[in-house]
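What follows is one structure encoded as structure tokens, with my remarks underneath.
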Amino acid sequence: MDFLPASDRHAWTAVNCYAAGDFAGAIAACDDALHINPNHAHAYNTRGAARYNLGDLTGALADCDRALALQPVLVGALFNRAAVRTALNDYAGAVADCDQALALNPGKAGVYHCRAVARYGLHDFHGSIADCDRALALDPRLAPAYAARAAALNGLGLCRQAIPDCDRALALDPRLVLGYVARANARYHCGLAAATLDFRRAFAINPAVSAKLVVSGLVSAARQEPCVTLEQCNNHLLKNPDDAIHYARRGVIQMLRGDEVAAERDLAHYLSLRPEGKGNLELLVAEARRRLAAV
């Protein structure tokens, strides 16, 4: 490594830190590289990826933009920017980045998966499934692609087909939040009581991500069949009047419909049954309000 320019040595250190999960260390090493060479595209790209993993989406997007301004055909930067744009709900922008990345290198399973997630955000469920199929043909052990395909199958109402994909995803990665949320949604719509356990598992692993995924699914369902979605909650609670999680679910749906009175009643009922779940409920409500403000 001593034969490399100093900026490249720092950039390699950043890559190694990133691979080890030391995102702060990766950022520091990239800073060192960019101090020496402010036009180091790969350092911007690595720093952008590290910032994305630390939740700094604004900084991540700026770094990806800078990397691509310097090197427009840097596939990794296109992929990373697509992931950032997806997290920022810029799904069309994410699809465009993935299209460009795949035109340069059609063998990237992760890029197909990223485009699948963005297409799901655009309610292009058939396109999302097709991209998951491509991703899994390239990498049959890509757990998030099974979960993403399950979510898209749920979007099409094919809930029983979604459950095996969730099972496969969770066998590969037992801590994959989307796997539990997608299976919970599928089981819920199939009338299976195990849905509640899956929701609880998801929130136990990562409450913030779970809240975002749950609300995203409810937004999608409410846009397509608002009356049917509410009726499903009503029917479920008639049969299971002490199922706290589904009072929270119905409360969020009522919020999205603009019925604050009904929402408050359901959310209060949830807390009366599960007072220990106050923190998770606050995350759900905050995410629902964020979605409403963005409309």
Which of the helices (runs of 4 or more DSSP H) contained wholly in segment 227-295 include at least 2 residues that are small (G, A, S) and in contact (Cβ under 8 Å) with a residue 40 or more places away in the chain?
278-294
Between A11, A92, A29, which is closer than 27 Å to L122 by Cα and assigned to a helix (DSSP H, G or I)?
A92
Hey, R149 part of a loop (DSSP other than H, G, I, E, B), more than 18 Å from R250 (Cβ to Cβ) and within 18 Å of the chain's Cα centre (by Cα) or not:
no
Give all pairs with beta carbons closer than 6 Å in which a residue from segment 63-82 that is without any contact (Cβ under 8 Å) to a residue 40 or more places away in the chain and over 8 Å from A41 (Cβ atoms) meets a residue that is in a helix (DSSP H, G or I) and among the polar types (S, T, N, Q); count only pairs at least 6 apart in sequence or on separate chains.
C64/N80; G76/N45; L78/Q100
So which of N240, N206 ends up being under 23 Å from C166 (Cβ atoms), at pLDDT 90 or above and among the polar types (S, T, N, Q)?
N206
Selected residue (only one of V181, V252 is under 21 Å from C159 (Cβ atoms), in contact with a helix residue (DSSP H, G or I) (Cβ under 9 Å, 6 or more places away or on another chain), crowded, with 21+ Cβ neighbours inside 10 Å and modelled with pLDDT of 95 or more)
V181
Where the second residue is assigned to a helix (DSSP H, G or I) and the first is among the charged types (D, E, K, R) and lies in segment 155-171, which pairs have Cβ atoms under 6 Å and are six or more apart or on separate chains?
D165/Y146; D165/R149; D165/A150; R168/Y146
Given the structure, is R175 among the charged types (D, E, K, R), farther than 21 Å from R290 by Cβ and surrounded by 15 or more Cβ atoms within 10 Å (Cβ to Cβ)?
no
Restricting attention to segment 104-133, and to residues there that are more than 15 Å from the chain's Cα centre (by Cα) and without any contact (Cβ under 8 Å) to a residue 24 or more places away in the chain, which single residue is surrounded by the most Cβ atoms within 10 Å (Cβ to Cβ)?
D131
Looking at (1) under 30 Å from G127 (Cβ atoms); (2) touching a Leu at 6+ places or on another chain (Cβ under 9 Å); (3) of a type outside the set (V, I, T), which one does D56 not meet, given that it meets all the others?
(2)
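The values are calculated or read from the model by the stated rules, or taken from the named source; none is laboratory data. What you see is a predicted model, and the numbers here were worked out from it, not measured in a lab. As a convention, Cβ positions derive from the backbone with ideal geometry for all residues, glycine included, and neighbour counts pool all protein chains shown.
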